[in-house]
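Okay, so here's the structure we're looking at.
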Amino acid sequence: MPRVIDASKLADSYKKGVGSKGDKWRDNFLATTGIAEAGKSDAAETQYAVKVTEAVSKKLRQKGLKDVTDETIKAPVRSGSSSMYTGPAQNKAPKFASKFAPYVPTINAQVATLKPREASVDANIDNRVKPIANALHNQKVGSS
């Protein structure tokens, strides 16, 4: 007799399967080499462009989200605690620091040249915000 899938047990089966394969996944992932180089390759960039264009033209994102509600998005958060955000976010502190650090000298150099604050909000935006924003933008896009 053929095996019948019991839809009511899918979630539990999935959870058990994933839970039992954590060590295997970790070991295989850590043994894999060349991940970063493969992701940076011209072939990967071309494949990415093809797949994004296809997804946009077929509205795949919208189709995938058609049954999503605010509650389906909030349910995992509602069932957990705030540590589900703080733990992973705190673990990203070194990445944040390494990504932000190159911009610190630019910010500090611009702050040292800013005009004093004025009573006018518009003047402060023009004289204090825009110089920093423009310098950061120029650094990011590689122009001066």
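Using the Kirkwood formula over every pair of different C-alpha atoms, what hydrodynamic radius in Å results for segment 32-144?
In segment 32-144 this quantity evaluates to 19.5 Å.
Once you charge only the Cβ atoms, +1 for Lys and Arg and -1 for Asp and Glu, what is the size of the charge dipole of the chain about its Cα centre, to the nearest 20 debye?
The dipole of the chain has a size of about 300 debye.
Just subtract the alpha-carbon distance of T33 and A119 from 0.36 nm times their residue separation and send over the number in nm, one decimal.
Working it through step by step, the gained length comes to 25.2 nm.
Express in nm, to one decimal, how much length is gained between K58 and V141 on full extension, taking 0.36 nm for each residue of separation and deducting their alpha carbon distance.
Computed gain between K58 and V141 is 26.8 nm.
Under the 0.36 nm per residue contour assumption, what length would be gained going from the current alpha-carbon distance of K99 and A112 to full extension?
In short, 2.5 nm is gained.
So which of K92/K130; K21/K140; K115/K140; K24/K59; K40/K63; K9/K95 end up more than 32 Å apart by C-alpha?
Exceeds cut-off: K21/K140; K24/K59; K9/K95.
Where does the charge balance sit around F29 when Lys and Arg score +1, Asp and Glu -1, over other residues with C-beta under 13 Å from its C-beta?
Taking every other residue near F29 into account, the sum is +1.
Once every DSSP H run of n ≥ 4 in the chain is given -39500 (n - 2.57) and the sum is divided by its residues, what mean residue ellipticity at 222 nm do you get, rounded to the nearest 500 deg cm²/dmol?
Helices in the chain give a 222 nm mean residue ellipticity of -20000 deg cm²/dmol.
Order these peptides, 129-140, 81-92, by their mean beta-carbon neighbour count within 10 angstrom, highest first.
129-140, 81-92
Set the Förster distance to 25 Å, then compute FRET efficiency between A43 and V77 from the Cβ-Cβ distance, nearest 0.05.
For A43 and V77, the calculated efficiency is 0.10.
Identify, among Q90, A75, A112, the residue whose Cα sits farthest towards the positive end of the charge dipole of segment 44-129, taking +1 on the Cβ of Lys and Arg and -1 on the Cβ of Asp and Glu, with the dipole about the Cα centre.
Working it through, the farthest residue towards the positive pole turns out to be A75.
Mind checking the angle between helix 130-141 and the chain's longest principal axis? C-alpha axes, 0 to 90 degrees, to the nearest 10.
Between helix and principal axis, roughly 50 degrees.
At R0 = 30 Å, how high is the FRET efficiency between K9 and T69 if r is their beta carbon distance? Nearest 0.05 is fine.
Efficiency computed from Cβ-Cβ geometry: 0.75.
First measure r as the distance between the Cβ atoms of M84 and D126, then evaluate 1/(1 + (r/R0)^6) with R0 = 25 Å and state the FRET efficiency to the nearest 0.05.
0.05
Just so you know, all these numbers are worked out from the coordinates, no wet-lab data involved. Keep in mind that what you see is a predicted model, and the values were worked out from it rather than measured. Note that we place each Cβ from the backbone using ideal geometry, even for glycine, and neighbour counts take in every protein chain shown.
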